[in-house]
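The values are calculated or read from the model by the stated rules, or taken from the named source; none is laboratory data. Keep in mind it's a predicted model, so treat the numbers as computed, not measured. Note that we place each Cβ from the backbone using ideal geometry, even for glycine, and neighbour counts take in every protein chain shown.
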Amino acid sequence: MAGRQAKVLTPVMQKRLLRHIDRSSDPDRNRVIVMLALKAGLRACEIARLEWTMVLDAKGRVGQSIEIYDRIAKKRGGRRIPLHPELRAALIRYHRSSEGPGPIIQSARGGALRPNSIVNWFVDLFAELGLEGCSSHSGRRTFITAAARTVSKSGGSLRDIQLLAGHRSIETTQHYIDGDSAAQRKLIALI
């Protein structure tokens, strides 16, 4: 897949992915991994390095946002991302069975997964589902594309999406956004 962008996951693909996750050996952990990509737009390195302190409030409960520290983000692009309700629910469920502070996503033997392990986990997952062209970056592209398609409803702008994605350049954010031919036809019909 070198040189090509990861596919954006359609709503049907997302539902299929989550149903598959529910039948996995560690459904709570695996749902959190997928939701961190789909509903927060995190990169594999950020998913692997995310710690409970970055999502818990002062009382030790899952808060309302994720605080991505510069030290785990690409190019030190730390940021705060409000928690999507589905992601928050998955984190609350998973937190009940977690072993306290430290990395959120741990290997079966304990300890943090490496970013490459997250990348390979997604490769295996998409291969099991027969979803060609998808990678660990598919969730991130899906998140950014979905945000771009709905940003006007929130009163926001492409700059808000750039900040959520942790991009230094708005041009980088634009490269992530997948076009929609049906929306383009509607737009032309309105002109």
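Quick one: which residue in Ile81, Ile47 is in contact (Cβ under 8 Å) with a residue 60 or more places away in the chain, aliphatic (A, V, I, L, M) and part of a strand (DSSP E or B)?
Working: Ile47 fails: part of a strand (DSSP E or B).
Being in contact (Cβ under 8 Å) with a residue 60 or more places away in the chain, aliphatic (A, V, I, L, M) and part of a strand (DSSP E or B) holds for just one of Ile81, Ile47, which is Ile81.
Against the definition (touching a residue at least 60 places away in the same chain (Cβ under 8 Å), closer than 24 Å to Val12 by Cα and buried (at least 16 other Cβ atoms within 10 Å of the Cβ)), how does Ala146 come out, yes or no? It is false that Ala146 is touching a residue at least 60 places away in the same chain (Cβ under 8 Å), closer than 24 Å to Val12 by Cα and buried (at least 16 other Cβ atoms within 10 Å of the Cβ).
All conditions in (1) closer than 23 Å to Gly130 by Cα; (2) surrounded by fewer than 16 Cβ atoms within 10 Å (Cβ to Cβ) hold for Leu36, with the sole exception of (2). Out of Ala182, Ala189, Ala148, one residue alone is among the aliphatic types (A, V, I, L, M) and either under 22 Å from Ile68 (Cβ atoms) or part of a loop (DSSP other than H, G, I, E, B) (or both). It is Ala148. Among the conditions (1) under 23 Å from Glu132 (Cα atoms); (2) at pLDDT 95 or above, the only one that Gly3 does not satisfy is (2).
For the stretch 109-126, a residue qualifies if it is surrounded by 14 or more Cβ atoms within 10 Å (Cβ to Cβ) and part of a loop (DSSP other than H, G, I, E, B), and the qualifying residues are Leu113, Arg114. Remark: pairs (first residue in the stretch 114-134, in contact (Cβ under 8 Å) with a residue 12 or more places away in the chain and under 13 Å from Leu17 (Cβ atoms); second residue among the charged types (D, E, K, R) and in a loop (DSSP other than H, G, I, E, B); Cβ separation under 6 Å; 6+ apart in sequence or on different chains) = Cys134/Lys7. Exactly one residue out of Leu129, Leu190 is more than 22 Å from Cys45 (Cα to Cα), surrounded by 11 or more Cβ atoms within 10 Å (Cβ to Cβ) and among the aliphatic types (A, V, I, L, M), and it is Leu129. One residue is enough: does the stretch 65-84 have a residue meeting the conditions under 25 Å from Ser154 (Cβ atoms) and surrounded by fewer than 11 Cβ atoms within 10 Å (Cβ to Cβ)? No, there is no match, as no residue in the stretch 65-84 is under 25 Å from Ser154 (Cβ atoms) and surrounded by fewer than 11 Cβ atoms within 10 Å (Cβ to Cβ).
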